[in-house]
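Written out below as structure tokens is the structure these notes cover.
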Amino acid sequence: MRELALHILDVLQNAREAGATRVELTVEEDPTEDRLVIEVRDNGKGMDRQTVRKALDPFFTTRKTRHVGLGLPLFAAAAQQCGGGLEIDSEPGRGTRIRAVFRLGHIDRAPLGNVAATILSFLLGEPACDLVYTHRCADRIFHLDTREVRRELGPVPLSHPAVREWLESYIEEGEQAVRGLASESP
Amino acid sequence: MPKLKSLDDLKKLREEAQRDIRVRLDTGTKITVGMGTCGIAAGARETMHAILEELKKRDIEAHVTTVGCIGMCAVEPLVDIEQAGGARITYGRVKADMVPRLIEEHLVNGRVVEDWVVGRIEK
């Protein structure tokens, strides 16, 4: 995909489909080690060993609406072509962890992209799912925990227009602050 | 420089929104954007963003949400519009730049954009 944030959105949607009520998303940029790590951890139903083995097969899917499952294979290919890889750690009843590693400065690495739009699109989906997002770049950090947001909002839903607008701005500002100088490929 | 956002903003937002919720009725309008792998790859995230922006610009109330792949991958991004008492219309290949016309015709003027329809469920 043209942005890594679109792969992230795809994996977040997988988590929701697996029945997750909370997803932890971590993005770590390490310029000194020339490494970018994207990790998504959920508390969904998890996968057995056989399903994990097949998950990177583009012709394998658990869905009934189609016969291909391209999301994880595409994400894995994107990581591999940037000198990295993707690993899946999952057990039934224990949730799933997807970890994708990229060489940060690789010329073929797609930009991280619009993380705010990705998170907002995910949060507006149903059923509701909480997100704990941490983005680290060198010594800078941005953190968002929607459980804290929901606590402050009380009965007001995340889908309220003013809340959506606030969330988008909050995440955009946080992303700009944590990225500081551009670390994206040209 | 504009004031940076913080969680403290949410307290004020909550007070204002709660006043708002008390007078706001259920809109009866639901817009669903396909957000499976196929939809994402076809630009559904941008389509959804355009929908939210257009609704805000026109001050139109609607419940906007997402759904996974429904199997019509070749015509993503898919946008379902369902209004209380009306048919559920599925539009296909809805790019972000098509959204203003979609909202104007369907929600404002009450006219289905027939050329873009790929599915319909009558009430």
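The values are calculated or read from the model by the stated rules, or taken from the named source; none is laboratory data. None of the values given here were measured: they were computed from a predicted structure. Every residue, glycine among them, receives a Cβ derived from its backbone with ideal geometry; neighbour counts consider all protein chains shown.
Structural remarks
- Qualifying residues in segment B:76-115 (those that are surrounded by fewer than 18 Cβ atoms within 10 Å (Cβ to Cβ) and among the hydrophobic types (A, V, I, L, M, F, W, C)) - the one nearest to B:Gly36 (Cα to Cα): B:Met98
- Output for segment A:117-139, where each listed residue is among the small types (Gly, Ala, Ser) and either closer than 17 Å to A:Val40 by Cβ or modelled with pLDDT of 95 or more (or both): A:Ala117, A:Ser121, A:Gly125
- Any hit, segment A:2-14, residues being surrounded by fewer than 19 Cβ atoms within 10 Å (Cβ to Cβ), more than 14 Å from chain B (Cβ to nearest Cβ), touching a residue at least 40 places away in the same chain (Cβ under 8 Å) and outside any helix (DSSP H, G or I): no
- The residues of segment A:124-169 that are of a type in the set (D, E, K, R), within 11 Å of another protein chain (Cβ to nearest Cβ) and closer than 21 Å to A:Val11 by Cα, listed by number, are A:Glu126, A:Asp145, A:Glu168.
- Within segment A:65-92, the set of residues being in a loop (DSSP other than H, G, I, E, B) and within 13 Å of chain B (Cβ to nearest Cβ) comprises A:Thr65, A:Arg66, A:His67, A:Val68, A:Gly69, A:Leu70.
- Boolean, A:Glu33 is closer than 23 Å to A:Ala128 by Cβ and at pLDDT 85 or above: no
- For segment A:68-93, filtering for residues that are touching a residue at least 60 places away in the same chain (Cβ under 8 Å) and among the hydrophobic types (A, V, I, L, M, F, W, C) leaves 4.
- Selection of segment A:38-64 for residues being modelled with pLDDT under 85, surrounded by fewer than 15 Cβ atoms within 10 Å (Cβ to Cβ) and either in a helix (DSSP H, G or I) or of a type in the set (Ser, Thr, Tyr) (or both) yields only A:Thr62.
- Entry remark, segment A:22-37: residues being out of contact with any helix residue (DSSP H, G or I) (no Cβ under 9 Å at 6 or more places or on another chain), surrounded by 14 or more Cβ atoms within 10 Å (Cβ to Cβ) and not acidic (Asp, Glu) number 3 in total.
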